[in-house]
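The values are calculated or read from the model by the stated rules, or taken from the named source; none is laboratory data. Everything numeric here is computed off the predicted structure, so don't read it as measured data. With ideal geometry, Cβ positions are generated from the backbone for all residues, glycine too; neighbour counts draw on all protein chains shown. Note: areas computed on protein heavy atoms with side chains; ligands, DNA, RNA excluded. Shrake-Rupley method; radii C 1.70, N 1.55, O 1.52, S 1.80 Å.
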Amino acid sequence: MVSKPGAFVRGQSGNPKGRPKGARHKTTLAMEALLAGEAEGLTRKAIELAQDGDTVALRLCLDRLMPVRKDRPVPFALPPIETTADLTKATGALLTAVASGELTPSEAAELGKLVDAHVRAIEVTDVQARLDALEGLKK
């Protein structure tokens, strides 16, 4: 397919290297220039509004002081998982912890994913050991 000079070629980037690392958008640079030197005054005003009862300003200030934690350590004694047979002990412990309120359902779900990944690793290791044993018999 012949393209016109200056036209984009289908499936080919106009800038194969992409935006350089650290390069910032013109709008971002313009906003920073407008706010330069005003950060202290704006911060003081937000604090004053929050102290006067403006809930949006209050939320803004609190979010900056103490951002929402996305994860937290979960102290939980998970039974050892040495073989796939140990999986029922681990999932049983997770279910018991959720039922007793020790773990939230979402925490248990995340731990369940880790348990599942560990069991798959055990299974792959077992299959590899069996394969190695079969190949050893053939030699």
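Computed values, structure above
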{"quantity": "Charge dipole (the chain, unit charges on Cβ, about Cα centre) - positive-most of M66, P80, A99", "calculated": "M66"}
{"quantity": "Helix 105-138 vs. the chain, principal-axis angle (Cα, 0 to 90°, nearest 10)", "calculated": "50"}
{"quantity": "The chain, accessible surface, carbon-and-sulfur percent (1.4 angstrom probe)", "calculated": "61"}
{"quantity": "Dipole of the chain, positive direction: furthest Cα of L35, G22, L49, with charges on the beta-carbon", "calculated": "G22"}
{"quantity": "Cα gyration tensor, the stretch 1-79 - rounded (a/c under 1.5), prolate or oblate", "calculated": "oblate"}
{"quantity": "Accessible-area ranking of F8, F76, largest first, probe 1.4 Å", "calculated": "F8, F76"}
{"quantity": "Cleavage-rule hits (GluC sites (Glu not before Pro)) in the stretch 29-77: DSSP loop, at most 12 neighbouring Cβ within 10 angstrom", "calculated": "E38"}
{"quantity": "Compactness of the chain as Cα Rg over 2.2 N^0.38 Å, two decimals", "calculated": "2.00"}
{"quantity": "Heavy atoms of D63 accessible to a 1.4 Å probe, total area in Å² rounded to 10", "calculated": "80"}
{"quantity": "Electrostatic dipole magnitude of the chain [Cβ: Lys, Arg +1; Asp, Glu -1; Cα centre; debye, to 20]", "calculated": "1060"}
{"quantity": "Å² of accessible area per residue within the chain, as computed with a 1.4 Å probe and no ligands counted", "calculated": "88"}
{"quantity": "Sparse-neighbourhood loop sites, GluC sites (Glu not before Pro) in the stretch 86-138 - DSSP loop, at most 16 other Cβ within 10 angstrom", "calculated": "E102"}
